[in-house]
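Worksheet: one structure, shown below.
The values are calculated or read from the model by the stated rules, or taken from the named source; none is laboratory data. Because the structure is a prediction, the values reported are computed rather than measured. Here Cβ is always computed from backbone atoms with ideal geometry, including for glycine, and neighbour counts include all displayed protein chains. Note: accessible area is taken over every heavy atom of the protein model, side chains too, but ligands, DNA and RNA are not part of it. Shrake-Rupley method; radii C 1.70, N 1.55, O 1.52, S 1.80 Å.
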Amino acid sequence: MGGGGGGFDRSRAPSGFSQGGNSFNRGNTRPSGGWSNRANIGNNGGPNINGGRFDGGNRGQGGNWGQAGNRPNGNWGNGNRFNGNTVNVNRNWNRVTNVNVNAGWARPGWGVARPWNAGWYGGWSSPPWGWWAARTAAWGITTLATASIINNAVDNAIAANNPVIVVPDTGYQLLYGSVQPVGTNLVSFVVQANGSQYQLTADCQQGLINGQQPQTADQAQLLNAACQVAFGSA
Amino acid sequence: MAAGASLAADAPAKAAAVSQVLYSLSTRCSIEGAAPKTCVVEVVDEGSATLYRHRIGAVTMTVRITDKPVRMERWNGAKKTWQPLKEAAARFSTNTICFNGRDLCVVNPNYLNSVRQDRPDATAGRDLVMVRFDGTGRVNLTCYDDGCKGVKS
């Protein structure tokens with residue numbers, strides 16, 4: 001898998017002229033994750049047209065304002081770390097193509113834009129996953145990536161118009177826009193590994209990935225990242 | 001929109017046969033820059049247009065949006081007519097959309113999620129989007145983010 005921007009066609013970046021007036025629509029298309037019936041008001045206490053979280057120049061990473069579309073069978077480069085080593089893929093992981101990475105909620109303010117009003121995730125230790133102590137002792141780790149690290153990765157990816165985040169300390173790339181809850185404990189998502197994309201589920205309560213305990217520390221990181229994006233505070 | 005304008009809730013509900021409630025959203029609204037209040041937004045797909053009924057206490061403010069091309073109108077209960085809006089703006093990061101300056105502002109993530117997903121190219125990397133309408137209701141100006149700073153209200 002190649003990193004560093006593969007998958008983006010900068011020549012197709014929107015000029016703006018052909019799209020003037022098309023910024024809005026009538027809002028009748030059901031977005032990924034469905035319709036919310038209760039808005040998450042966030043810290044503003046109400047409507048706020050002036051001050052967005054992204055005011056003040058936190059825009060983009062190195063001017064990467066390329067266009068993100070659907071790219072089947074390919075890799076989303078991100079210019080981030082991946083040493084090219086093969087990462088673990090379980091036999092029960094289903095390969096998929098044509099993943100929608102343009103979920104409406106996956107945008108600035110994604111934490112309050114997530115339309116589902118159910119679900120909660122407090123991290124691997126709250127409540128503790130049953131397998132945690134024994135497995136992590138064997139793996140030689142004591143923690144997973146914090147909510148802050150994962151949230152920042154998503155914020156930066158959105159600002160850079162990049163549909164993936166590198167799952168911290170792994171070679172997995174999470175297509176964060178693919179994350180969707182299934183009930184209050186489960187989440188479905190797509191991960192990119194070794195040049196392919198896989199549709200997976202995670203049980204955030206039990207700490208399972210595709211119904212199994214993680215086989216590696218990397219898989220535990222992946223599980224944690226997907227659950228944080230779906231249900232974590234952001 | 002005049003302050004406290006009370007738009008008849010039932011007048012624009014003269015629905016077409018294909019009318020379908022898309023969602024009802026409990027959220028917060030602000031009228032003419034006043035303090036936000038709890039409100040409910042009922043959204044109805046009428047086939048060629050989408051109605052947004054904002055119920056803020058005893059006040060109902062209804063906005064009708066069509067596309068191809070995009071047009072936005074408000075229901076004038078006194079005149080029993082739809083009047084074209086002059087302006088609309090949205091800030092994605094706060095889930096806010098405002099109609100006619102600050103006449104009506106609402107937190108509506110559903111609308112912005114739908115727009116974002118339906119218009120990925122036009123909205124990618126954008127936070128603030130504003131459109132102006134001419135006297136006939138057609139968009140005659142679109143600006144984004146810092147580009148809106150030079151646009152006078």
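Here are some notes:
- Residue list for segment A:138-182, restricted to those being of a type in the set (A, V, I, L, M, F, W, C), assigned to a strand (DSSP E or B), closer than 20 Å to A:S32 by Cβ and modelled with pLDDT of 95 or more: A:I165, A:L174, A:L175, A:V179
- Filtering segment A:184-208 to residues that are over 19 Å from A:R91 (Cα atoms) and assigned to a strand (DSSP E or B) leaves A:L186, A:V187.
- Residue that is least open to solvent (accessible area, probe 1.4 Å), among those in segment A:176-196 that are of a type in the set (S, T, N, Q) and under 25 Å from A:A113 (Cα atoms): A:Q192
- So A:A217, is it touching a residue at least 12 places away in the same chain (Cβ under 8 Å) and within 14 Å of another protein chain (Cβ to nearest Cβ): no
- Scanning segment B:24-46 for residues that are facing chain A (nearest Cβ under 10 Å) and closer than 16 Å to B:S114 by Cα, we see that the one that is most open to solvent (accessible area, probe 1.4 Å) is B:S24.
- Only one of the listed residues (A:R91, A:R135, A:R95, A:R107) is more than 14 Å from every other protein chain (Cβ to nearest Cβ) and either closer than 19 Å to B:D118 by Cα or in contact with a Ser or Thr (Cβ under 7 Å, 6 or more places away or on another chain) (or both). That residue is A:R95.
- Conditions (1) in contact with a Gly (Cβ under 8 Å, 6 or more places away or on another chain); (2) farther than 21 Å from A:W35 by Cβ; (3) crowded, with 24+ Cβ neighbours inside 10 Å: number failed by B:T94: (2)
- Segment B:117-143, subset over 27 Å from A:N156 (Cβ atoms) and part of a loop (DSSP other than H, G, I, E, B), residue nearest to the other protein chains (Cβ to nearest Cβ): B:R138
- If you go through segment A:115-136 and pick out every residue that is in a loop (DSSP other than H, G, I, E, B) and in contact with a Pro (Cβ under 8 Å, 6 or more places away or on another chain), you end up with 5.
- Scanning segment B:97-116 for residues that are crowded, with 23+ Cβ neighbours inside 10 Å and either facing chain A (nearest Cβ under 7 Å) or outside any strand (DSSP E or B) (or both) gives B:C105, B:V106, B:V107, B:N108, B:P109, B:N110, B:Y111, B:L112, B:N113, B:S114, B:V115, B:R116.
- Condition broken by B:G137, with the remaining ones in (1) closer than 21 Å to A:N162 by Cα; (2) under 14 Å from the mean Cα position of the chain (by Cα) satisfied: (1)
- Qualifying position, being β-branched (V, I, T), within 24 Å of A:N117 (Cα to Cα) and within 11 Å of chain A (Cβ to nearest Cβ), among B:T94, B:T66: B:T94
- Filtered residues of segment A:212-228 (kept if open to solvent by less than 40 Å² (accessible area, probe 1.4 Å), in contact with a helix residue (DSSP H, G or I) (Cβ under 8 Å, 6 or more places away or on another chain) and of a type outside the set (A, V, I, L, M)): A:P214, A:T216, A:N224, A:Q228
- Residues (among the polar types (S, T, N, Q), without any contact (Cβ under 8 Å) to a residue 60 or more places away in the chain and either over 18 Å from B:A88 (Cα atoms) or in contact with a Cys (Cβ under 8 Å, 6 or more places away or on another chain) (or both)) located in segment B:22-74: B:S24, B:S26, B:T38, B:S48, B:T60
- Checked against (1) more than 14 Å from the chain's Cα centre (by Cα); (2) facing chain A (nearest Cβ under 8 Å), B:G77 meets all criteria but (2).
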